[in-house]
Amino acid sequence: MGGYHRLEVLVGVALFLTTGQCDVGCGGTDGRPGEAGIPGRDGRAGVKGEKGEPAVVASGPVDTAAMLRLKGETGNRGKHGDMGPKGYRGEIGKPGLPGMPGRPGPDGQSTDQGQQSLQQAHRAFSGTRTDSSYPRFGKVVTYQNAGVNTHGDFSAATGYFTCKKAGVYYFTFTSVAKVSMCLSIVNGATNNRLGFCDYNRNTDQVLTGGVVLELTVGQKVWLESFRDQQRDSETHDTNEKLITFSGFLLF
């Protein structure tokens, strides 16, 4: 048994010596490259750098020509584009705040026409015919007196009212007689006639009529007798008769 142990020791020493003396030709197989590791975390932000030095500007006047050379040339103006569609109408906004009051205007100048204008507004006349003869047909009725005649617009002798102040007038007449009577108010500008008749038999009867006319300066209005159904004997009647013709400016 002791011999076997000595033999094993010798063999082991022989193998050790053989391995220690191996050259390059007996090298082992190369190993594989290692795998990449996990990426590391981002590093912390660095400290902010110091502010740079300002640019150096050359002193002296600016060369305008040089500045213009740096700028490009202006291009041609483009064509006018087509008008776009009309937009929707927006809602009305809220009312704005009231503006500041304006300055008072200058004082007006007195014309001293106030009293004159007031007098011009009062225009009226009234003529009375007391002649007992029957007024002739187709003729202007004339009068013996004029009770009221402001500004002389009415002529009792001719029977005409001549408008001297344009406006709207009211004309009226009254006739009292014992015979039939027909009278008309005539507008000379248009020759329009508004007639009224009363047929009476030997009793006092009142005939009245009126009209509103718009007149311009120079137009005439008068009262005129006309024939309708009167008898010939009535036209020769000499009993007392009374005719009044009046008018005044409304506005």
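Neighbours of Trp222, meaning other residues whose beta-carbon lies under 14 angstrom from its beta-carbon, give a summed charge of +3 when Lys and Arg score +1 and Asp and Glu score -1. Residues whose amide H lies under 5 Å from that of Ala189, counting only those 5 or more places away or on a different chain, are Lys220; hydrogens are built 1.01 Å from N in the peptide plane. What the pair-distance distribution of the range 93-251 shows, using all Cα-Cα distances binned every 5 Å from zero, is 2, 8, 16, 18, 14, 10, 7, 5, 4, 3, 3, 3, 2, 2, 2, 1, 0 percent. The aspartates and glutamates whose alpha-carbon is closer than 18 Å to the alpha-carbon of Lys178, local same-chain residues fewer than 8 away aside, are Asp131, Asp198, Asp204, Asp228, Asp232, Glu234, Asp237, Glu240. The ellipsoid that matches the Cα gyration tensor of the range 117-191 has semi-axes, each √(5λ) in whole angstrom, of 25, 14, 11, with the longest given first.
Segment Asp228..Asp107, full-extension length gain: 37.2 nm, with 0.36 nm per residue of separation and the alpha-carbon distance subtracted.
Given the Cα-Cα distance of Val140 and Asn192 and 0.36 nm per residue of separation, how much length would full extension add, in nm?
Values: separation 52, 0.36 × 52 = 18.72 nm, distance 1.43 nm.
Full extension from Val140 to Asn192 adds 17.3 nm.
What is the percent carbon and sulfur in the accessible area of the range 175-251, measuring with a 1.4 Å probe over the protein chains and ignoring ligands?
On the way: 2040 of 4120 Å².
The C+S portion of the solvent-accessible surface of the range 175-251 is 50 percent.
For the range 148-155, putting each phi into the Karplus relation 6.51 cos²θ - 1.76 cosθ + 1.60 with θ = phi - 60° gives couplings of 10, 7, 5, 6, x, 6, 10, 10 Hz, in residue order, rounded to whole numbers and with x for Gly and Pro. The mean sequence separation of alpha-carbon pairs under 8 Å and at least six residues apart, normalised by the residue count of the range 159-251, gives a relative contact order of 46 percent.
Phe196 sits among other residues whose Cβ lies under 13 Å from its own Cβ, and their net charge, with Lys and Arg +1 and Asp and Glu -1, is -2.
With contacts taken as Cα pairs under 8 Å at a separation of at least 6 residues, the range 119-200 carries a relative contact order of 20 percent.
The protection proxy used here, the mean number of other Cβ atoms lying within 10 Å of each residue, ranks peptides 94-107, 137-150 as follows, highest first: 137-150, 94-107.
The per residue volume of the convex hull around the alpha-carbon atoms of the range 161-251 is 88 Å³. Scanning residues 5 or more positions from Gly167 or on other chains, those with amide H under 5 Å from its amide H are Leu215, with H placed 1.01 Å from N in the peptide plane. Derived scalar couplings between HN and Hα for the range 238-251 equal 10, 5, 4, 9, 9, 10, 10, 10, 9, x, 7, 7, 7, 6 Hz in order, rounded to whole Hz, by the Karplus curve 6.51 cos²θ - 1.76 cosθ + 1.60 (θ = phi - 60°), x for Gly and Pro.
The values are calculated or read from the model by the stated rules, or taken from the named source; none is laboratory data. Note that this is a predicted model, so its numbers are computed, not measured. Neighbour counts run over all protein chains shown; Cβ positions are idealised from the backbone, glycine included. Calculation scope for accessible area: heavy atoms of the full protein, side chains included, ligands and nucleic acids excluded. Shrake-Rupley method; radii C 1.70, N 1.55, O 1.52, S 1.80 Å.
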